[in-house]
């Protein structure tokens, strides 16, 4: 990456902020259930880093842009995996309740985007304007097919599993929550869309006929 900040760096930082926001919403859910959220945050943040909310240009290491952004992705991914794994162990919080948080966040973000009645390809692009899938150079998503009413892509490899394994968690929870977020996003898109993902990493957005 360049030593100068460009649009791609701001886009990636915004993705990190979206994921930080979702994690805060999950923690609020836990707080409402009288769970000692502060002790969880203290332990997890001490180990994996604290959220960074300041303006990108004020905090980034300009001589290490790529490394700095990568470290922030790793931090939020590790913290998310650790907190969700801890909250769902022992049935303190049901994963379906957390999925509802993800669904509502996706719905809110789509409504705020101002986009309506998009093509499936446009929706794919929008989704990954907000959802983290590594660094741009990782090229995780491979297009399989595209038509007016359908867009299919393959996740070439899972880059999230390591974060969940770090905390003895289950990466299937990650994909369940991401699916909930995408479904919330599509529900606010102004038409009938469906999203499916199979175990081989194939994903598809379909615009249903009226």
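Among the residues making up the stretch 25-84, those that are crowded, with 19+ Cβ neighbours inside 10 Å, within 19 Å of residue 170 (Cβ to Cβ) and more than 17 Å from the chain's Cα centre (by Cα) are 30, 44, 48. When the stretch 129-166 is filtered for residues that are in contact with a strand residue (DSSP E or B) (Cβ under 9 Å, 6 or more places away or on another chain), exposed (fewer than 15 other Cβ atoms within 10 Å of the Cβ) and outside any strand (DSSP E or B), the ones remaining, listed by number, are 148, 149, 156. Only a single criterion out of (1) farther than 21 Å from residue 26 by Cβ; (2) within 19 Å of the chain's Cα centre (by Cα); (3) in a loop (DSSP other than H, G, I, E, B) is not satisfied by residue 169, namely (1). I'd like the full set of residues that are in contact (Cβ under 8 Å) with a residue 60 or more places away in the chain, assigned to a helix (DSSP H, G or I) and surrounded by fewer than 19 Cβ atoms within 10 Å (Cβ to Cβ), limited to the stretch 109-120. Of everything in the stretch 109-120, just one residue is in contact (Cβ under 8 Å) with a residue 60 or more places away in the chain, assigned to a helix (DSSP H, G or I) and surrounded by fewer than 19 Cβ atoms within 10 Å (Cβ to Cβ), namely 111.
Take the residues in the stretch 89-107 that are in contact (Cβ under 8 Å) with a residue 24 or more places away in the chain and surrounded by fewer than 18 Cβ atoms within 10 Å (Cβ to Cβ); name whichever of them is nearest to residue 182 (Cα to Cα). Explain how you work it out, then say what you get.
The first filter runs over the stretch 89-107 and keeps only residues in contact (Cβ under 8 Å) with a residue 24 or more places away in the chain, leaving 92-93, 95, 97-107.
Restricting the remaining residues to those that are surrounded by fewer than 18 Cβ atoms within 10 Å (Cβ to Cβ) gives 92, 95, 97, 100, 104.
On the way: 92: 25, 95: 16, 97: 16, 100: 11, 104: 10 Å.
Filtering the stretch 89-107 for residues that are in contact (Cβ under 8 Å) with a residue 24 or more places away in the chain and surrounded by fewer than 18 Cβ atoms within 10 Å (Cβ to Cβ), the one nearest to residue 182 (Cα to Cα) comes out as 104.
Rule-based calculations on the coordinates, nothing more; no lab input. A quick note: this is a predicted structure, and the numbers were derived from the prediction, not measured. Every residue, glycine as well, gets a Cβ built from its backbone with ideal geometry; the counts of neighbours run over all protein chains shown.
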